[in-house]
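I have placed the structure first, in the form of structure tokens, so that the comments after it can refer back to it.
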Amino acid sequence: MNIFRLLGDLSHLASILILLQKIQSTRSCRGISFKTQALYATVFITRYLDLFYDWVSLYNFVMKIFFIASSCYVLYLMKYKYRPTHDPSIDTFRVEYLLGPCAVLALLFHYRFTLPELLWSFSIFLESVAILPQLFMLQRTGEAETITTHYLAALGAYRALYIPNWIYRWFTEDMVDPIAVTAGIVQTALYLDFFYVYFTKVLQGQKFELPA
Amino acid sequence: PVENKRHDEL
């Protein structure tokens, strides 16, 4: 564990708490992509199967349980409790275009040809693009509530912080995980556009609005 | 080495 990974994980944790806070305080999931949330639940469930047979640490165990439970809880809130506030007509990204290629990539790039390892690879590739339905929705509506942008910023910061973590581990532990690093860099790059608007507008006290 | 690697990241 190093400072970058710890801050990254805490940022990830914060992003989920901000998302829950957004839904509970506005009593609405307006502006949140159900598809992205469903993809995250898929990512966590397929990646954390090792909960059942591999012990890493208490920290690791608690975080995995939290990520699985919170992502399922968000799905429940969106699908049942606040269902009327979710508008599927603007959440139109075709997730098949993400799931298919990620499955193919997992078959091509993995560390071992076993089901848990294939699912782990799949989850890494899927996580890297899971935000796309959300960003697509943002692009379509052209604006977002400030709290939603804080959620996305915390999520993006988590990914960005994993990059110095990998550089640090490369030097100190001689550890390189090419699959996670490649997918992680792609994932972080997807946030660049968003971060630009977030830093130049939201953090200056303006509303998140994309240029027409 | 890949053979011994454990997925300890989240």
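Filter segment A:81-114 down to the residues that are in a helix (DSSP H, G or I), modelled with pLDDT under 95 and not charged (D, E, K, R) and list them by number.
A:PRO84, A:THR85, A:PRO88, A:SER89, A:ILE90
Here are the criteria: (1) over 22 Å from A:SER11 (Cα atoms); (2) touching a residue at least 12 places away in the same chain (Cβ under 8 Å). Tell me which single one A:PHE67 does not satisfy.
Checking A:PHE67 against (1) over 22 Å from A:SER11 (Cα atoms); (2) touching a residue at least 12 places away in the same chain (Cβ under 8 Å), the one that fails is (1).
Considering segment A:93-118 alone, what residues qualify as being closer than 19 Å to A:LYS35 by Cβ and among the small types (Gly, Ala, Ser)?
Within segment A:93-118, A:GLY100, A:ALA103 meet the criteria.
The values are calculated or read from the model by the stated rules, or taken from the named source; none is laboratory data. Nothing here was measured: the structure is a model prediction, and the numbers come from that model. Positions of Cβ are generated from backbone atoms using ideal geometry, with glycine treated the same way; all protein chains shown enter the neighbour counts.
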